[in-house]
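Written out below as C-alpha cells is the structure these notes cover.
Coordinate-derived values only; no laboratory data. Please read all numbers here as calculations on a predicted model, not as lab measurements. When we count neighbours, we look across all protein chains shown, and the Cβ atoms used for this are built from the backbone with ideal geometry, even at glycine.
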Amino acid sequence: MKKIEALCVSALFAGLGIAGVAYGARAWLPQLASRHGAGIDAMLRYLLVSAGGLFLLGYVALGSLVWLGSRRRAIGQRLTSGRTEWLVSGALGLAVAAVGEGGVLAIGMPVWAEYFGARPPADAVTIDVTAQQFMWNVRYPGPDGVFGRTDLRLIDEASNPLGLDPSDPAGRDDIVTLNEMAVPVNRPVRIRLHSKDVIHSFFLPNLRVKQDAVPGMTPEIVFVPTRTGDFELACAELCGLAHYRMRGFVHVLTSAQFAEWLRQQSAAAAAASGGRS
Amino acid sequence: MNLALLPSAGAATDAPPRLDPRRAALVRQQQVRLGLWMFLATVAMLFAAFASAYLVRRSGSDWHPLALPRLVWVNTLVLAASSSALEAAHRAGRARRWTGARAAMIAAVALGLGFLAGQLAAWRLMTVRGASLAASPQSSFFYVLTGAHALHLVTALAVLAWTAAAAGSARRDPHGWSAQMSVCRTFWHFLGGVWLFVLALLLLS
Amino acid sequence: MTSPAHVEASRSGRVAPRGPEPHQGFLRRYIFSTDHKIIGIQYIFTGLVMAIVGASLAALIRLQLGWPEHQWVLLSRLLPRGLPGGVMTPEFYLAVVTMHGTIMVFFFISYVLVSGFGNYLVPLQVGAKDMAFPVLNMLSYWVALASALTMLASFFVEGGAAAAGWTAYPPLSAVPAAVPGSQMGQTIWLLSMALFIASFTMGGLNIVATVFSVRAPGLSMMRLPLTVWSYFIAAIVGLLAFPPLTAAAVMLLLDRHFGTSFFLPAGLVVANKALPNTGGSPLLWQHLFWFLGHPEVYVLILPALGVACDILPAFTRKPVFGYRSSVWCLVAVACLSMIVWGHHMFVSGMSPFSGEYFSLVTLAITVPMTMFGVNMLASLWGAKLQLHTPALFALGVIALFGSGGLGGLFLGNATADMQLHDTYFVVGHFHMMIGGVTMLATFGALYFWFPKMFGRRMSEAAGKLHFWLTFAPFFTIFFMQHFLGLEGAPRRYYAFTAYDYLQRTRGQNLVISVAALVLIGGQLLFLANFIWSLFRGRAATENPWGATTLEWTVASPPPHGNFETIPLVRRWAYEYGIQTPQGDFAPQTWAPPQAG
C-alpha cells in the first residue's frame, strides 16, 4: 500500500512536470504585429524555454526524490559540511538566476530602452487617446498637425466628450473618433494617453503595447506596426462596471489606405464642425 | 539576550536556574524597552511615509508654502518645557526627592495638555484664515502631519499621566517607577523629536 | 483544553505557575484568555471561518467565468441583489473579486498561518511560558476579530462591498460615483484595514520581543527551528512595511470624505460631473500601497516556508539541508523585499529609469529564493520518506514554490511585464505563491500540529484524500491561468465575451471552473475531518511524529504555562538520524553525548 501511495505521489509530480511542459509548448501569444513586440516575444519565448526546462527538471527531480526516499530503509548521509551546503545551494541558486534572469537582462534591457528611451521620431503619427468610463476617445491633429485646445468646462458627454474649444482655429480640423483609430503600417505611431476619470490601461495585445492612462498625467508610447489588419484594444486596469467591454479597434492600413482614411475623416470633421460652433 | 539566565559552566543538570524577583524585573524591563523601540520604529515609518508623500507633492507646480501661525512656535516651546519638566522629574526621582518629582510630573502633564490645546487653537486659526483641510495641498498636509503627531501625543500623554500618578507610590518601589519613567521619557522625547521633524518639513520653502 | 493557572505567572515568563485559581471561569480561560495557545487557536478558528467566506466568493467568480450566460436560479434566491434573475451583475462581480482577494490574503492566510500558528508555536518552540506581552496579545486578537467583522459588514451597506480590487487604486476607490462599491463599502474596507494593521502591529511586537528576550537557556539563535526564524523575520518586515499603508488609508479616507486631493488630480469628470480636486497623484497611492503590498506577500510566504522546513524533517528522518544558508536567505529576502515594490508598477506611468532599477533588484531576489528552494529539495536527498499527510502538503509546498517562482521570472522584469501586467498570468502567479505555497503550508501545519493543539489525531486517510483533491485541481487551475495571460486575457474581467481574440479562452475557463469547484468541494472533506477529530479523534501522545522541537516535549495539549520548569536546550532543532532511547532522533533538550 505504501509503495502504491509513493508511486502515485512521484507520478503526480513527474507527470505534472511532463504534462505542464507539453501544455506550455503551444502557440499562446496573439499574432505579433509590431516591431518592438518581436523583442518582447523573444524574451517570452526564452523564458518559456528556460523556465519550462527548469520546471521539468524540478518536478522530475521532486518525483524521483519522493520515489527514492520512500524505498529507503535507512537515511543516507546525515549531515553535509557547511561548505558543501553553501556550495550546492549557492551554485544552483546562482545558476538558475543566471539562466533565467541573465537571459532576461540581455534580451530585455535593449527592448525597454528602445521602447522608452528613444525620442519619438519626426515622422511619427501622433494620436491623442483619452480614456474614460467606458470608451476610448481618439483624436488626430488633422492636416495642420496641431491639436486644438480643450477645456474641461466645455465637456458635454453627448456632443463634446473631449471639451474641444471651438474658438481655437487649430482644433477646427481635429479628427475625433470613438473606440477606433487607423495607423499606417511600418511607420512609428506616437500615442499620448489621457484619462478623464479613473485609471485605465491602453492594451493592444497583438502589438505588445500596454500603458496605464492615469488622470493628471500624459504618458506617451511609441510603437511601429509591422502587419496590416484590425487589432483589438482592451482596457487593462480595473476601471469600473464595464471594464470588461471597453473595446476598441486599431486598423493598421497601408500608407495609401491611411491617407484615404484621414481624408475621409477630415471631410466628416469639417462637415461636423460647421455645426459644432 | 537572556543575560540573567546563562547556564553556569558544566550545567548537566536538568533544573534551570530559578530567577529571583530582581532579575525577573530587569528582564521584564528589557522586554518592555524592546517592545517600545519596535513600536517607535513603526511610528517612524508612518511619519516617513507621510513625509515622502509630502516631499513629492511639494515639487508640484501648484504648491505654495504655507504661512504658519506664530502660535505654532509657542506650542513648540510648551512641548520643550514639558520635556524639560519630565527630565527634572527624572533627576528628582534619582535623587529620591519624591515631592519634587511629583510636582515636576504634574507640570509635564499640564504642559503636554497645553501643547495639545495650543495645537487645536492653531488649527482653528488656520481654518479661519482660509487654510482649511481641503483648501490646498499644503494645508491638507499640514493637518495630516500635525494631526497624526497629536494623536500619538494623546497616547503618550496618557502614559505620562499614568506615570505621574504612580509618582505617589514611587517611594515604595523606586525601581518600578524608574522603569516606568524610562518608557515614559523615551516615548515623550521621541514624539518631541517627531514634532521637530514635522515642523522642519512644514517650514521648508 | 488547557488547565487553569494564574495569569501573572505567564506574564513574567520566569516564575513557575502557581496552582489553579479557584474562580477562573470559562470566559477567562477560553474566551478572554491571555494564553498564547488559546489566542492562537482563536485566530485559527476565525481564519478558517473567513476562509469559508473567501472560498464561497471564489466559487461565485468561477461560476461567472466558466458559464458566463448561465442563469443560476438557486443562487438568485440566496443573493437576489447580486444575481437578479439568476445572472450576476458586474457590480456584484467586482465586489466579489475585491473581497475574495482581501479576505483570503488578510483574513485567511494572515490569521491562520501568521497570527494563528505564530502565536501558538513561537513561545513553545523557544521554550517560553507565554509571549512577552500576553495582555497585548489578547488585545491583538480582539482587534483582529473586530477587523474581520467590520470587513464582513461592508457587504451590507449601500452600494455593497468595496469593488476597486484589493489594491483599491484611486480615483476608482476615491470617487463614490466611479463604481457602487466606492460608496460606503470602500470606507468600511479602509476602517477594517486600519484595525487589521493595529492588530498585526501588536502581534508582531510580541513575536519579535519573545524571540529576542524569552528564549530558554541554551537556545542560541542558530539553534532555533526555521519556523521561529521565519516568523521572527516576517514580523519585523510586517512591522516596518504596514505603516505606509496606514498613511495611505488615512489620506484616501480624507480624499473620500473631506474633499482633500492627495490622490485626485485636477480635471476629473466622473458620471458627467466635474470634480473640484486639484493636484493629487494616483501614483502616490500605488507607491504607498505596494511599499506594503510587496513585503506583505513575503510576510505570508516566509512562515509558510519555515513551517514546511520543520514539517519535512519529521518525515525524512534527517536534518534539513543547508540550515545556515536558509537562515541567511530568509534575511536576504526580507531585506530585498522592501526595495522591489515598483515591479507592480512597470506600466503605471512611473519613470522608465525606475523600471530598470526595479527590474534589477527584483532579479536579485531570485538568488536567495532559489537557494532556499534548492535547500528544501536537497533535504529530500537520502531521506527515509514517510508519506503521512503533513509530509504530502510539505512536498506540495516545494512543488508550487518552484513553479510559482518560475512565473516570477517573467513578471519581475519590465519588458515581459509590458505584455503580462494585469493579465491572468499575474493571477496564476500570485495564486500559486499565496494560494498555493501558503495554503498548502497552512494545511500541513494544521495536520502536523493538530495533535499537539487538541490532544487528538486527525484521520490520515481523509487527510491524504484531501491532499489529492487539493493539489491536483489547484495546480491545474493556476498553471492554466499563466497561459490565459500569455493569450492576453486581462484581469478582473466580468466576462471574456466582448472580444474576438478572447473567444479561444472559453474552453480553458470552463476547465478551470470545473477544477475550482472540485478544489472548493474538496475542502469540505478537510472541514469535516477537522471538526469531527476535535471531538472524536483518537487520543494523541506527546510526540506522535517523533519530532525534535520543544513543543513535542510537553503534553498534548500543553498545560497553561507550557513547561513545568523552563527547559535547558542542548541541541539544535534537527537532531534526526541519531540513535537515542527516544528513537532515531534527539529532542532539543536531550543531553549531548559525554566527551571521550
| field | Under 15 Å from A:LYS196, Cα to Cα: aspartates and glutamates that are on another chain or at least 8 residues apart | value | A:ASP128, A:ASP151, A:ASP156, A:GLU157, A:ASP212, A:GLU237
| remark: Beyond 60 Å, the calculated P(r) of the protein assembly as shown holds a percent of Cα-Cα pairs equal to 14 percent
| Okay, which of the range A:1-40 sit inside 16 Å, backbone N to the point 7 Å along the Cα-Cβ direction of A:ARG73? | A:3
| field | Cα-based reach from C:LYS129 at 19 Å (exclusive), listing aspartates and glutamates while leaving out same-chain residues under 8 positions away | value | B:ASP14, B:ASP20, C:GLU8, C:GLU21, C:ASP35, C:GLU542, C:GLU551, C:GLU564
| message | Can you give me the C-alpha center-to-center distance between the range C:32-51 and the range C:398-442, rounded to a whole angstrom? | response | 30 Å
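Can you put B:TYR143, A:TYR23, C:TYR323 in order, fewest other beta carbons within 10 Å first?
Numbers: B:TYR143 21, A:TYR23 16, C:TYR323 24.
In order of increasing Cβ crowding within 10 Å: A:TYR23, B:TYR143, C:TYR323.
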| query | Along the positive direction of the dipole of the range B:74-205 (beta-carbon charges: Lys, Arg +1; Asp, Glu -1; about the Cα centre), which of B:ALA101, B:ALA135, B:VAL183 reaches farthest? | reply | B:ALA101
| Per-residue mean of other chain beta-carbon atoms within 10 angstrom of the beta-carbon, peptide C:154-165? | 1
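Apply 1/(1 + (r/R0)^6) to the Cβ-Cβ distance of C:ALA555 and C:TRP328, taking R0 = 35 Å, and write down the FRET efficiency to the nearest 0.05. Numbers along the way, then the final one.
On the way: r = 35 Å, r/R0 = 1.01.
After rounding, the FRET efficiency stands at 0.50.
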| Unit charges at the beta carbon, dipole of the range C:32-179: most positive-side option, C:VAL122, C:TRP67, C:SER140 | C:VAL122
| request: Quick one: net charge around B:VAL72, please, counting Lys, Arg +1 and Asp, Glu -1 for every other residue with C-beta under 15 Å from its C-beta. | output: +3
| field | FRET E, pair A:VAL49, B:ALA95, Förster distance 45 Å, beta-carbon r, rounded to 0.05 | value | 0.05
| request: Mind jotting down a quarter of the surface of the convex hull over the alpha carbons of the range A:193-277, in square nanometres, one decimal? | output: 7.2 nm²
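Neighbouring Cβ atoms within 10 Å as the yardstick, rank C:VAL237, A:VAL21, A:VAL209 fewest first. Before the final figure, lay out each step's value.
Numbers: C:VAL237 21, A:VAL21 18, A:VAL209 27.
Listing C:VAL237, A:VAL21, A:VAL209 from fewest to most nearby Cβ atoms yields A:VAL21, C:VAL237, A:VAL209.
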| Size of the dipole of the protein assembly as shown about the Cα centre, Lys and Arg at +1 and Asp and Glu at -1 on the beta carbon, nothing else charged, in debye to 20? | 3400 debye
| note | The rounded separation in angstrom of the Cα centers of the range C:66-94 and the range C:444-521 is 22 Å
| task | Mark the label point 7 Å from the Cα of A:MET1 along Cα→Cβ and return the residues of the range C:514-547 whose backbone N is within less than 17 Å of it. | result | C:538
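Within a 10 angstrom radius of each residue's Cβ in C:350-360, how many Cβ atoms of other chains show up on average? Whole number is fine. Show your work: numbers first, answer last.
On the way: counts 4, 1, 5, 2, 0, 3, 7, 0, 0, 6, 3.
Rounded to a whole number, the mean comes out at 3.
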| request: Consider a paramagnetic label point 7 Å from the Cα of A:PHE249 along Cα→Cβ; state which residues of the range A:200-241 have an amide N under 11 Å from it. | output: A:230-233
| said: Taking 0.36 nm per residue of sequence separation and subtracting the Cα-Cα distance, how much length would be gained by fully extending the chain between C:ALA271 and C:ARG81, in nm to one decimal? | reply: 66.1 nm
| task | Report P(r) for the range B:47-93: all Cα-Cα distances, bin width 5 Å, range 0 to the bin holding the largest distance, values in whole percent. | result | 5, 16, 11, 13, 16, 14, 10, 7, 4, 2, 1
| remark: Computed about the Cα centre, the charge dipole of the range A:124-242 from +1 Lys/Arg and -1 Asp/Glu charges at the Cβ has a magnitude in debye, to the nearest 20, of 420 debye
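Could you calculate, for chain C, the ratio of the Cα radius of gyration to the Kirkwood radius, expressed as Rg to Rh? Kindly include the intermediate steps, with their values, before the conclusion.
Working: Rg = 24.2 Å, Rh = 24.9 Å.
Rg/Rh: 0.97.
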| Roughly what angle does helix C:460-486 make with the longest principal axis of chain C, taking Cα atoms, 0 to 90 degrees, to the nearest 10? | 30 degrees
| field | Cβ-placed point charges (K, R +1; D, E -1), dipole of the range B:50-174 about Cα centre in debye, nearest 20 | value | 440 debye
| task | Pull up the cross-link candidates among the aspartates and glutamates for A:LYS2, meaning alpha carbon to alpha carbon under 19 Å and not fewer than 8 places away within one chain. | result | C:GLU460
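Mean projection of the alpha-carbon convex hull of the range B:74-205 over all orientations, in nm²? Please report the intermediate quantities before stating the final value.
Details: hull surface 30.6 nm².
With every direction weighted equally, the projected area is 7.6 nm².
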| What order do you get for A:213-220, B:95-102, C:179-186 when each peptide is scored by the mean count of other beta carbon atoms within 10 Å, highest first? | C:179-186, A:213-220, B:95-102
| message | Using Cα-Cα distances under 8 Å and only pairs 6 or more residues apart, what relative contact order does the range C:81-201 have, in percent? | response | 30 percent
| task | Order by neighbour count: A:GLU180, C:GLU575, A:GLU101, A:GLU237, fewest other Cβ atoms within 10 Å first, most last. | result | A:GLU180, C:GLU575, A:GLU101, A:GLU237
| message | If you build the convex hull over the alpha carbons only and average its shadow over all orientations, what do you get for the range C:449-596? Give it in nm² to one decimal. | response | 14.3 nm²
| Whole-Hz ³J(HN,Hα) from phi, Karplus 6.51 cos²θ - 1.76 cosθ + 1.60, for the range C:262-273, glycine and proline x | 5, 10, 9, x, 6, x, 7, 10, 10, 6, 6, 10
| field | Principal-axis tilt of helix C:226-257 within chain C, Cα atoms, nearest 10 degrees | value | 30 degrees
| request: Report the FRET efficiency, 1/(1 + (r/R0)^6), for A:ALA267 and A:ASN179, where r is their Cβ-Cβ distance and R0 is 30 Å, rounded to 0.05. | output: 0.90
| note | The Kirkwood hydrodynamic radius of the range C:271-324, taken as the inverse of the mean 1/r over all distinct Cα pairs, in Å, comes to 15.4 Å
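With the cut-off at 1.5 for a/c, could you classify the range A:125-276 from its C-alpha gyration tensor as rounded, prolate or oblate?
Details: a/c = 1.75, a/b = 1.07, b/c = 1.64.
Here the range A:125-276 falls in the oblate category.
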| query | Which entries of A:LYS3/C:LYS452; A:LYS3/C:LYS384; C:LYS37/C:LYS318; C:LYS384/C:LYS464; A:LYS210/C:LYS273; A:LYS3/C:LYS318 show an alpha-carbon separation above 25 angstrom in the structure shown? | reply | A:LYS3/C:LYS452; C:LYS37/C:LYS318; A:LYS210/C:LYS273
| said: Can you give the log10 of the normalised intensity I(q)/I(0) at q = 0.14, 0.17 Å⁻¹, computed with Debye over equal Cα scatterers of chain A? | reply: -1.03, -1.35
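Just order C:538-545, A:89-96, C:282-289 by mean Cβ neighbour count inside 10 Å, highest at the front, would you?
Working: C:538-545: 16.2, A:89-96: 18.9, C:282-289: 23.9.
Highest-to-lowest ranking by the protection proxy: C:282-289, A:89-96, C:538-545.
Could you tell me whether the range C:178-277 comes out rounded, prolate or oblate from its Cα gyration tensor? Rule is a ≥ b ≥ c as square roots of the eigenvalues, rounded for a/c under 1.5, then prolate if a/b exceeds b/c, otherwise oblate.
Values: a/c = 4.24, a/b = 3.77, b/c = 1.12.
Prolate, because a/c is 1.5 or more and a/b exceeds b/c.
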| said: Testing the spin-label approximation: label points 7 Å from Cα along Cα→Cβ at C:VAL73 and A:ASP230. State their distance in nm. | reply: 3.9 nm
| note | Under the 7 Å Cα-to-Cβ spin-label approximation, C:LEU360 and C:LEU145 lie apart by a distance in nanometres of 5.1 nm
| note | the range C:181-245 and the range A:214-248 have their Cα centres apart by a whole-number Å value of 40 Å
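Sorted by average packing, counted as other Cβ atoms within 10 angstrom per residue and highest first, what order do A:77-83, A:122-128, C:582-588 take? Walk me through the intermediate numbers first.
On the way: A:77-83: 11.7, A:122-128: 15.0, C:582-588: 19.4.
The packing order, highest mean first, is C:582-588, A:122-128, A:77-83.
If you average 1/r over all unlike Cα pairs in the range C:335-468 and invert the result, what Kirkwood radius do you get in angstrom? Please report the intermediate quantities before stating the final value.
Working: mean 1/r = 0.0595 Å⁻¹.
Its Kirkwood hydrodynamic radius stands at 16.8 Å.
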| task | Can you give me the span-like helices of chain A, meaning DSSP H runs with 15 Å or more of Cα extent along the axis and Kyte-Doolittle mean at or above -1.0? | result | A:2-24, A:35-71, A:82-97, A:255-276
| field | DSSP-defined beta bridges in the protein assembly as shown - what % are antiparallel, rounded to 5 | value | 75 percent
| request: Using Cα pairs closer than 8 Å and at least 6 residues apart in sequence, work out the relative contact order for chain C, in percent. | output: 16 percent
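Averaged across the residues of A:82-90, what count of C-beta atoms belonging to other chains lies within 10 Å of each residue's C-beta?
On the way: counts 4, 0, 3, 11, 5, 2, 8, 16, 8.
That average works out to 6.
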| Separation between the B:SER61 and B:LEU125 pseudo-spin-labels, each 7 Å from Cα along Cα→Cβ, expressed in nm? | 3.4 nm
